[in-house]
1. Please report the Cα spread of region 169-320 along all three principal axes, rounded to whole Å, starting with the longest.
2. Order 159, 46, most accessible first, counting only protein heavy atoms with a 1.4 angstrom probe.
3. May I ask you to give the solvent-accessible area per residue for region 1-44, in square angstrom, as obtained with a 1.4 angstrom probe?
4. Enter the accessible area per residue of region 62-178 (Å², integer; probe 1.4 Å; all protein chains in place).
5. 5 Å is the cut-off here: which amide hydrogens, built 1.01 Å from N in the peptide plane, fall below it relative to residue 72, excluding neighbours closer than 5 in sequence?
6. Note down the relative contact order for the chain as a percent, whole number, built from C-alpha pairs under 8 angstrom at least six residues apart.
7. Which whole-number value in Å² is the accessible area per residue of region 284-324, probe 1.4 Å?
8. Determine which lysines satisfy two conditions relative to residue 367: a Cα distance under 29 Å, and not lying fewer than 8 residues away in the same chain.
Amino acid sequence: MDTSELTALLTPDGLRLLDELGPIGSTDEAARAVSRLRAAGHSPDLVSAVVGQARLRVRATAKFGAFADRMLFTRAGLEQATRLPIAARHAGRFRAAGVSSVADLGCGIGGDALGLAGLGIRVHAVDADEVTAAIAAYNLAPFGDAATVAHARAEEVDLTGTDAVWLDPARRTAGHSETRQVASGEWSPSLDWVFELLRSTPGGVKLGPGFDRARIPDDVEAQWISADGSTIELVLWAGALARENVRRAALVVRGTDAWELTAPADSPDAEPRDLGAFVHEPDGAVIRARLIGEVARALEAGMLSPQIAYLTSDAPLTSPFVQSFRVREHLPADPKKLGQALRARGIGTLEIKKRGVDVDPAALRRKLSLRGDEAATLLLTRVGSTRLALLADRV
């Protein structure tokens, strides 16, 4: 979306047309809508804007639920936005710390600001991109004066009277549709500036889950977050927002449920042990937080192999921090013999998981020529130089 499209959309007629249009899921539906609206005499800018928004609202439902039907988006802004349930958890941490006002520096389309304002925290949101700031202002308008938005660079914001800050540095090239990642030295605001601010002001900064751990300051809490099986972000909490004696945390969210594992430092891995009756795969947030050892000890498990994130045990225990599998048997690792073994067992539906081996699951599946009505999970890994193919069932 460019400025002309936004101008056409942000009018009573434009917004009414968008609401009348309803959701558009497919390319064919979009093409028919464009033809219909152009035939009705609407301008190209308005047609492009409303059809684009109708499609984005459908995609945004995964992050914003029913709220998506009354929000505006850019394609890039939606991709980078925090999911609303996660934003609400961020906001809950601010409220628990007694924060009443937050400066959201780099607000994007306003996902985290919505979470803050929804919990009654006054928020002043800013974004360096004019179109994005305008969209955030629209999305936050229902909160009135409790949520203000400005078009500005984070470094220009007067923080007088602000209790805390929330930062989401731009880590991609500017734009509203196709963008690409940039080196950390090109982030806006710069990471040095962010860390300097957090040394004097309570707050949090949202980063990618693969952020270089060597660059994490010693005096912050690092919290990795996964949602419905995907590790989505790392948040560094500073000042009053960091919990006492917590430097590593893994927050695992599935639907409306959440579990968290915390520790004062990285946890040493459990000792390796021979394959047992169960194999456990730690959640990505647990792996990133280096808390595998904490989970292993709770499950009475050991590492299946050093440096590979599979645990094994004989105890019939599991937890929200792992996916657990009951091992049926060893199978040959050779693809031809493996396929023969699977067909002999009537396995036609196969989940393939791998760690520590260079295997393309899609290519392997084609080679296996599966047939049958049975279902199972195949775990591909190695112990030392020995490859393992384990037939298993989810617990």
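1. Principal extents (largest minus smallest coordinate, Cα): 50, 38, 32 Å.
2. 159, 46
3. Accessible area per residue: 61 Å².
4. About 41 Å² of surface per residue is accessible.
5. 139
6. 8 percent.
7. 38 Å²
8. 336, 337, 353, 354
The values are calculated or read from the model by the stated rules, or taken from the named source; none is laboratory data. This structure is a prediction, so every number in the text was calculated from the model and none was measured. Counting neighbours? That spans all protein chains shown, and the Cβs are built from the backbone with ideal geometry, glycine included. Side chains are part of the model used for accessible areas, which takes the heavy atoms of the whole protein and leaves out ligands, DNA and RNA. Shrake-Rupley method; radii C 1.70, N 1.55, O 1.52, S 1.80 Å.
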